[in-house]
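Asker: The structure under discussion is supplied below as structure tokens; questions concerning it will follow.
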């Protein structure tokens, strides 16, 4: 049981490049979410999904897209990276009615 | 708008000392959670408090939920270097999924 996995662990992008951060969970959790963590800002919710085919915006959605085609996977897409998107990105999953969120190890992104 | 305010932001103490971390809000929460995050890793849930006035203990860690369900505290007795990390409180003030996090308290316990 791997829990929540994220790839890549580290990434350096140039401004304007696109990339997809991968997130997968093997706990059959319906809920999945993406957060970014910046110094002094805590964890902020980007997008979340309450089930396959259903996504919604969180606190800071601009510049990011998501889709949820399967229960297991919830990729986060940066269409045109900006330096302001330099951050550590965490994916999390949970089950309805159970508030514990299980976090992945994070992806550290640097946009130059 | 920061729904959950944590204090202090940083705390550096010596092994054996006691400490308390606070998580405050003007909003009412159905529950509050405490997570601990170690460098290079994702947050890990320590406890969820649900009932106003509730006290939960996890070894040397004591968590309390305020009577009005607007605040919570984490008390560590006889801190150890292994307690070093970032402590985050989180909660959902509305029905639905979105979880709000505080900015965290960074704790350093030196031998």
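The values are calculated or read from the model by the stated rules, or taken from the named source; none is laboratory data. Predicted, not measured: the structure shown is a model, and the values here were computed from it. Cβ coordinates were reconstructed from backbone atoms using ideal geometry, including for glycine residues, and neighbour counts include every protein chain displayed.
To keep it simple, each residue is scored yes or no on (1) assigned to a loop (DSSP other than H, G, I, E, B); (2) within 11 Å of another protein chain (Cβ to nearest Cβ).
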site	(1), (2)
B:17	yes, no
B:69	yes, no
B:73	no, no
B:88	no, yes
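Asker: Just checking, which of A:58, A:104, A:42, A:53 is on the phi > 0 side of the Ramachandran plot and either within 11 Å of another protein chain (Cβ to nearest Cβ) or in contact with a helix residue (DSSP H, G or I) (Cβ under 7 Å, 6 or more places away or on another chain) (or both)? Spell out how you get there, then give the answer.
Answerer: On the way: A:58 fails: on the phi > 0 side of the Ramachandran plot; A:104 fails: on the phi > 0 side of the Ramachandran plot; A:53 fails: either within 11 Å of another protein chain (Cβ to nearest Cβ) or in contact with a helix residue (DSSP H, G or I) (Cβ under 7 Å, 6 or more places away or on another chain) (or both).
None of the other options fit; the residue is A:42.
Asker: Among what's in region B:26-42 and is facing another protein chain (nearest Cβ under 8 Å) and under 12 Å from residue B:71 (Cα atoms), pick the residue that is surrounded by the most Cβ atoms within 10 Å (Cβ to Cβ).
Answerer: B:33
Yes or no, residue by residue, for (1) more than 24 Å from residue A:13 (Cα to Cα); (2) without any contact (Cβ under 8 Å) to a residue 60 or more places away in the chain; (3) assigned to a loop (DSSP other than H, G, I, E, B):
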{"position": "A:62", "(1), (2), (3)": "no, yes, yes"}
{"position": "A:69", "(1), (2), (3)": "yes, yes, yes"}
{"position": "A:77", "(1), (2), (3)": "no, yes, no"}
{"position": "A:90", "(1), (2), (3)": "no, no, no"}
{"position": "A:94", "(1), (2), (3)": "yes, no, no"}
{"position": "A:100", "(1), (2), (3)": "yes, yes, no"}
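Asker: For residue B:105, state whether it is without any contact (Cβ under 8 Å) to a residue 60 or more places away in the chain, touching a strand residue (DSSP E or B) at 6+ places or on another chain (Cβ under 9 Å), within 11 Å of chain A (Cβ to nearest Cβ) and buried (at least 18 other Cβ atoms within 10 Å of the Cβ). Write out each step before concluding.
Answerer: Values: without any contact (Cβ under 8 Å) to a residue 60 or more places away in the chain: no; touching a strand residue (DSSP E or B) at 6+ places or on another chain (Cβ under 9 Å): yes; within 11 Å of chain A (Cβ to nearest Cβ): yes; buried (at least 18 other Cβ atoms within 10 Å of the Cβ): yes.
Spelling it out, it is not the case that residue B:105 is without any contact (Cβ under 8 Å) to a residue 60 or more places away in the chain, touching a strand residue (DSSP E or B) at 6+ places or on another chain (Cβ under 9 Å), within 11 Å of chain A (Cβ to nearest Cβ) and buried (at least 18 other Cβ atoms within 10 Å of the Cβ).
Asker: Would you point out which residue out of B:29, B:63 is out of contact with any helix residue (DSSP H, G or I) (no Cβ under 8 Å at 6 or more places or on another chain), within 20 Å of residue A:43 (Cβ to Cβ) and in a loop (DSSP other than H, G, I, E, B)? Even if it seems obvious, please write down each step before you answer.
Answerer: Values: B:63 fails: in a loop (DSSP other than H, G, I, E, B).
None of the other options fit; the residue is B:29.
Asker: Inside region A:69-94, can you point out the residues that are within 13 Å of chain B (Cβ to nearest Cβ) and farther than 21 Å from residue B:42 by Cα?
Answerer: none
Asker: Looking at (1) in a strand (DSSP E or B); (2) at pLDDT below 95; (3) surrounded by 20 or more Cβ atoms within 10 Å (Cβ to Cβ), which is the only condition residue B:45 fails?
Answerer: Every condition holds for residue B:45 apart from (3).
For (1) more than 20 Å from residue B:89 (Cα to Cα); (2) modelled with pLDDT of 95 or more; (3) within 14 Å of the chain's Cα centre (by Cα), each residue gets a yes or a no:
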site	(1), (2), (3)
A:28	yes, no, no
A:51	yes, no, no
A:70	yes, yes, no
A:76	yes, yes, yes
A:89	no, yes, yes
A:98	no, no, no
A:102	no, no, yes
A:111	yes, yes, no
